[in-house]
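Student: Have a look at the structure that comes next, please.
The values are calculated or read from the model by the stated rules, or taken from the named source; none is laboratory data. All values derive from a computational prediction rather than experimental measurement. Glycine also receives a Cβ, built like all others from the backbone with ideal geometry; neighbour counts cover every protein chain displayed.
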Amino acid sequence: MSKELIRLVNCTMAYDNETVLNSINLCVKDKEFLTLLGPSGCGKTTTLRIIGGFQKPTSGDVLFGGVRINDVPPHKRKINTVFQKYALFTHMNVFENVAFGLRIAKRPEKEIRERVSQALALVALKGFEKRSPSSLSGGQQQRVAIARAIVNRPQVLLLDEPLGALDLKLRKEMQHELKQIQQQVGITFIYVTHDQEEALTMSDTIVVMNQGNILQIGTPTEIYNEPKNAFVADFIGESNIIRGKMIRDKLVRFSNCDFECLDTGFAPNEDVDVVVRPEDVKIVEPSLGQLKGVVTSIIFKGVHYEMLVDTEDFQWMIHSTIPAPEGREIGMLLTPDDIHIMHIDKDNMPEGAEEAEE
Amino acid sequence: MKQHGSTFKGRHFFTIPYVVWMAIFVVAPLILVVVYAFTSKSGQLTLDNFTRMGSFWAVFTRSILLALIATIICLLVGYPLACALAREGPRLQRIFLMLIMLPMWMNFLLRTYAWMTILENTGLINSILSLLGLPNISIINTQGAVVLGMIYNYLPFMVLPIYSVLVKIDSSVIEAAQDLGANSYQVFLKIILPLSLPGVLSGITMVFVPSVSTFVISRLLGGGKNMLLGDLIEMQFLGSAYNPHLGSAISLIMMIIIVVCMMVMNRFGEGEEQAVIL
């Protein structure tokens with residue numbers, strides 16, 4: 001996983017003065033599972049369609065193996081797509097759907113038969129050859145769509161929220177299956193989703209987007225543990241985002257209390273966003289905590305309890321396996337490792353962040 | 001349970017007017033046609049009406065041939081039109097649909113009379129031709145004029161069903177085909193055409209059936225020289241040759257021809273989607 005395969009250079013997309021993509025730069029490496037993650041309208045699907053050739057960027061270049069492919073139509077790209085709504089051919093059976101690309105490429109009949117049955121085996125749909133797509137469940141239709149794309153052995157597979165229409169349990173199963181398929185066939189997957197959990201589960205690289213900009217590119221661990229700004233922190237998992245002031249390197253002040261942290265490189269007394277993951281807050285006796293608060297609500301979430309704790313100036317969300325009853329005063333303890341400091345990014349303020357700083 | 005039964009009965013009740021209507025105006029006349037076809041003037045059972053059919057062979061073949069030509073031309077003109085229409089923006093689509101439907105809101109006879117004045121030997125076309133110093137052409141009272149009349153009157157019935165099927169094809173299906181390597185020619189041949197087949201079949205039915213049985217168009221534009229099945233039947237009931245028994249027999253044969261045609265068509269379109277039958 002090293003060779004560069006696709007590169008977007010300063011790609012901009014605009015319709016009638018409305019900028020959908022704002023000069024993005026992106027590099028996709030060979031055989032990696034890359035996820036474009038962001039809320040709806042962030043430009044992730046547009047990015048995918050530009051790579052697939054269904055849209056031309058208003059300006060900027062698309063490079064495939066170093067060659068500019070802006071003007072290459074979709075049917076001439078070594079890229080296949082799995083569409084959001086499956087887009088199966090309802091007038092053909094499952095076999096013919098999967099065989100479509102091979103028939104267009106005029107492969108010999110014997111080869112078509114072999115490759116189609118391999119592809120169907122890969123998506124666990126052996127024996128469904130003669131069925132009509134409309135007689136299949138959503139999950140099965142999605143697998144046909146995947147088989148139809150990978151049977152052509154593309155170098156890149158584009159997936160546009162392919163699991164969006166499936167129920168939660170099926171979606172989780174398919175996430176693992178997709179990851180397995182990707183490792184088995186060894187091709188590059190570019191995956192679009194707004195579901196952060198999906199992105200964390202499957203990806204080698206996550207690209208977080210918002211309002212036509214790329215905010216951060218990194219591995220799931222990097223994105224989760226070291227979000228670059230409050231938006232990323234809030235979008236990837238849940239976060240407490242509180243306004244603070246950097247006193248000096250490795251010391252931040254918020255809620256009238258100084259905390260040691262690990263961050264450096266901020267101006268003295270710079271206003272910053274302080275991000276703390278709900279699961280990083282430790283509940284202790286009120287006298288032992290750095291902060292004190294009162295539990296205002298507690299919800300059982302399965303693996304943990306989700307508690308809202310009011311302090312003087314902020315409402316904290318805490319995830320813990322040990323419940324504290326409503327109305328109880330608790331202490332909260334934060335170690336330097338738990339505190340993430342971010343520059344204030346006014347353009348990409350997450351929803352709710354403004355309320356939180358009140 | 002009781003309530004369920006009573007509502008069911010109630011619903012049943014509502015169908016009675018239509019059942020009565022059907023019985024009086026559809027089933028009874030059909031029975032009468034069959035009875036007439038198999039009896040003679042004196043009221044005796046006979047097959048004479050059918051054995052005489054051979055002498056009308058020319059009319060049968062002409063009717064079917066002209067209707068077939070009109071249907072094929074309607075398809076060749078209507079399909080591309082429907083395709084172009086389905087691709088336009090919603091505003092333009094509405095305007096064009098309106099323009100296609102507009103003539104249908106005018107009286108059928110009036111429209112056909114209008115064509116007479118256009119095609120006549122001293123009509124619009126020939127006036128323009130002589131104005132330009134060109135020799136006159138005779139169009140009226142030819143088979144061409146009859147086919148023209150059929151196409152003009154029935155083209156909307158070809159365009160509309162095809163259009164309504166085409167607009168329902170999801171653009172992502174077309175993108176998927178392109179994505180899998182199909183060029184625009186292959187996309188049309190392998191995706192759009194098969195998916196629009198139900199519309200094509202109902203278009204063909206809706207043009208062919210009225211064309212094969214028309215008598216106004218052939219009377220007004222064909223000038224009696226090009227008698228069609230419709231004219232022949234009309235003559236037996238209202239015209240000089242008054243013979244309802246023979247007329248019924250011809251009608252029956254025509255019905256059988258149409259039913260057979262439609263059965264063949266539906267065999268073609270055998271799939272999940274059945275063609276809309278008139």
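Student: Say we look at the stretch B:143-185 and pick out the residues that are in contact with a His (Cβ under 8 Å, 6 or more places away or on another chain) and not in a helix (DSSP H, G or I); which of these is surrounded by the fewest Cβ atoms within 10 Å (Cβ to Cβ)?
Tutor: B:183
Student: Which one is surrounded by the most Cβ atoms within 10 Å (Cβ to Cβ) among residues in the stretch A:93-119 that are free of Cβ contacts under 8 Å to residues at least 40 places away in the same chain and at the interface with chain B (Cβ under 9 Å from one of its Cβ atoms)?
Tutor: Among residues in the stretch A:93-119 that are free of Cβ contacts under 8 Å to residues at least 40 places away in the same chain and at the interface with chain B (Cβ under 9 Å from one of its Cβ atoms), the one surrounded by the most Cβ atoms within 10 Å (Cβ to Cβ) is A:104.
Student: Of all the residues that make up the stretch B:171-196, how many are facing chain A (nearest Cβ under 8 Å) and under 26 Å from residue B:267 (Cα atoms)?
Tutor: Total satisfying the criteria: 6.
Student: Can you find a residue in the stretch A:8-23 that is more than 30 Å from residue A:117 (Cβ to Cβ) and of a type in the set (Phe, Trp, Tyr)?
Tutor: Within the stretch A:8-23 (the criterion being more than 30 Å from residue A:117 (Cβ to Cβ) and of a type in the set (Phe, Trp, Tyr)), the answer is yes, since at least one residue qualifies.
Student: In the stretch A:18-75, how many are within 14 Å of chain B (Cβ to nearest Cβ) and of a type in the set (Gly, Ala, Ser)?
Tutor: 2
Student: Filter the stretch A:218-239 for residues that are at pLDDT 90 or above, over 23 Å from residue A:164 (Cα atoms) and outside any helix (DSSP H, G or I) and give the result.
Tutor: A:218
Student: Just the residues that are crowded, with 16+ Cβ neighbours inside 10 Å and either farther than 25 Å from residue A:187 by Cα or basic (Lys, Arg) (or both), please, taken from the stretch A:30-45.
Tutor: A:31, A:42, A:44
Student: I would also like to ask the following. Quick test for you: out of B:65, B:99, B:92, B:85, pick the one residue that is part of a helix (DSSP H, G or I) and either of a type in the set (Gly, Ala, Ser) or touching a residue at least 12 places away in the same chain (Cβ under 8 Å) (or both).
Tutor: Being part of a helix (DSSP H, G or I) and either of a type in the set (Gly, Ala, Ser) or touching a residue at least 12 places away in the same chain (Cβ under 8 Å) (or both) holds for just one of B:65, B:99, B:92, B:85, which is B:85.
Student: Okay, next question. From A:187, A:223, grab the single residue that is within 30 Å of residue A:85 (Cβ to Cβ), of a type in the set (A, V, I, L, M, F, W, C) and without any contact (Cβ under 8 Å) to a residue 60 or more places away in the chain.
Tutor: A:223
Student: Modelled with pLDDT under 95, in the same structural domain as residue A:205 (by TED's automatic domain parsing), part of a strand (DSSP E or B) and surrounded by fewer than 18 Cβ atoms within 10 Å (Cβ to Cβ) - does that describe any residue in the stretch A:67-80?
Tutor: Within the stretch A:67-80, one or more residues are modelled with pLDDT under 95, in the same structural domain as residue A:205 (by TED's automatic domain parsing), part of a strand (DSSP E or B) and surrounded by fewer than 18 Cβ atoms within 10 Å (Cβ to Cβ).
Student: So which residues in the stretch A:300-358 are part of a strand (DSSP E or B), among the hydrophobic types (A, V, I, L, M, F, W, C) and modelled with pLDDT under 90, if there are any at all?
Tutor: Listed by number, the residues that qualify are A:341, A:342.
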